[in-house]
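Notes follow once the structure below has been shown.
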Amino acid sequence: MDPGTILVTGGAGYIGSHVVLQLRSRGERVVVLDNLSMGFRQAVLDCPLVVANVGDRAQVLAVMREHGVDTVMHFAANTVVPESVADPLKYYGNNTCATRNLLKCCTEAGVRQFVFSSTAAVYGIPKEPFAEETTPTAPINPYGTSKLMSEWMLRDVSAATGMRHVALRYFNVAGSDSQGRIGQSTPKATLLIKVACEAVVGKRKEIAIFGTDYATPDGTGVRDYIHVEDLAAAHLNALDYIRAHGESIVLNCGYGHGYSVREVLASVERAAGKRLPVKEQPRRAGDPPTLVARAERIRAVLGWRPRLDDLDAIVRTSLHWEERLQREPW
Ligand code: UD1
């Protein structure tokens, strides 16, 4: 029997749109559901798009039935950590409650395969620099908590109904489509590589280094930066895994090694061929010194083989995209 359609929520957003591109290029049937609050209509290219909220049960159910959906990939979420601290109910509403409604629709429409976009933020500030899937979860902000609660709902729904899911805990995602079709367009970005690229193209005055006195090799924070195309590929591997009746599982998605803020900024300077205006600042609240994935499990279970594990390659594609946005804003 032919596989059914994949419903991609948040498919017009940064990560979702890269996954949609890869799904479509291998001939999968896809329908995107996005309310366009953060996403962009043009990011889905020619993929069918339904403009709606994930929390709108009547509409979600209608889309599932009309398109013969058998798999959901759920990216739609708010993702800005400081905003989640200031407005937690927005995050519990749009992330946790909306996921609950989506799961309810899945049970009613007989959707039995689910890939969930989770986050390393569920670990909070782990005692060890490396986070394993078995590291205790202890989110320190409502964003991380809202995602962890969704993981728990998925676990329980899968156990009760026989649905199978893969929850991918992303580390620091960056980069953009190598062919330059789509990229990270999120306004008011706070993530390091995006902000540094904005600074080097002149969209910002300077880039701050938050903390230079950490117990790390050069005193700045260390993170596991992963190229969005490798991350997207992990979702296709996850799809193949659940289609082959793999058991529900939670997997870290990172490369398993990290770079410091200074190393990232040096890479941006190399890519741009010019110096960045840098300002050293005190530590940012809630930042762990080092957060790097233990990422053996995803390779072993999904057979995931990253192809772009190279900071300069990540940064180059981010910068190309930023330069394009300067020329033609989305
Ligand atoms: C952030 C989220 C995290 C989420 C992840 C992916 C926070 C506190 N954390 O991770 O929960 O899972 O995105 O969405 O928002 N830095 C600077 N200057 C900047 C920006 C960042 O020095 O202008 C430093 C940070 O201190 C950190 C590193 O760069 O050491 C990476 O920061 P960032 O890109 O914001 O991601 P995380 O905070 O690691």
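Here, each number is a calculation from the coordinates, and none is a lab measurement. Model, not experiment: these values are computed from the prediction. Counting neighbours? That spans all protein chains shown, and the Cβs are built from the backbone with ideal geometry, glycine included.
Given a Förster distance of 51 angstrom, what is the FRET efficiency for Arg155 paired with Arg275, based on the Cβ-Cβ distance and rounded to 0.05?
Working: r = 48 Å, r/R0 = 0.95.
Efficiency, from the Cβ-Cβ distance: 0.60.
Taking neighbour counts of Cβ atoms within 10 Å as a proxy for exposure, in what order, fewest first, do Asp218, Asp287 appear?
On the way: Asp218 11, Asp287 15.
Result, fewest neighbours first: Asp218, Asp287.
For Thr290, what residues show an amide H to amide H distance below 5 Å, using hydrogens built from the backbone and excluding near sequence neighbours?
Val222
Across region 44-61, in residue order, what do the Karplus-derived ³J(HN,Hα) couplings come to in whole Hz, using 6.51 cos²θ - 1.76 cosθ + 1.60 with θ = phi - 60° and x for Gly and Pro?
8, 6, 9, 6, x, 10, 10, 8, 6, 8, 4, x, 7, 4, 4, 6, 5, 4
Cβ neighbours within 10 Å, averaged per peptide: list 105-115, 156-166 in order, most packed at the top.
Numbers: 105-115: 20.0, 156-166: 16.8.
Ranking the peptides 105-115, 156-166 by packing returns 105-115, 156-166.
Just rank Ser146, Ser84, fewest to most, by other beta-carbon atoms within 10 angstrom. Display every interim value, and only then the final one.
Details: Ser146 28, Ser84 24.
Sorted ascending by nearby Cβ count, the order is Ser84, Ser146.
Please give the net charge around Val19, taking every other residue with its beta carbon less than 13 angstrom from that of Val19, where Lys and Arg add +1 and Asp and Glu add -1.
Values: positive: Arg24, Arg26; negative: Glu28, Asp34, Asp177, Glu229, Asp230.
Residues close to Val19 contribute a combined charge of -3.
Using θ = phi - 60° and the Karplus form 6.51 cos²θ - 1.76 cosθ + 1.60, what ³J(HN,Hα) does each residue of region 211-218 get, whole Hz, x for Gly and Pro?
Each residue's phi maps through the Karplus curve to give x, 10, 10, 6, 7, 10, x, 10 Hz.
Give me the net charge for the shell around Leu308: Cβ to Cβ below 12 angstrom, other residues only, Lys and Arg +1, Asp and Glu -1. Can you show the working numbers first?
Details: positive: Arg305, Arg307, Arg316; negative: Asp177, Glu229, Asp230, Asp309, Asp310, Asp312.
Surrounding charge for Leu308 is -3.
Under 20 Å from a point placed 7 Å out from the Cα of Ala285 along the Cα-to-Cβ direction: which residues of region 76-119 have their backbone N that close?
Once the point is set 7 Å along Cα→Cβ of Ala285, 79-92 turn out to lie under 20 Å by backbone N, inside region 76-119.
If a/c stays under 1.5 just call it rounded; otherwise compare a/b with b/c (prolate if a/b is bigger, oblate if not). Do that for region 72-182, with a ≥ b ≥ c from the square roots of the Cα gyration tensor eigenvalues. Let's see the in-between values first.
Working: a/c = 1.41, a/b = 1.25, b/c = 1.13.
Cα axes put region 72-182 in the rounded bin.
For a quick check: with amide H placed at 1.01 Å from N, whose amide H comes under 5 Å from Glu280's, ignoring anything fewer than 5 positions away on the same chain?
For Glu280, whose amide H was placed from the backbone, the distant partners under 5 Å are Ile209.
Would you please give the residues with an amide H less than 5 Å from that of Tyr170, counting only those at least 5 places away or on a separate chain, with H modeled from the backbone geometry?
Ser118, Thr119, Ala120, Cys253
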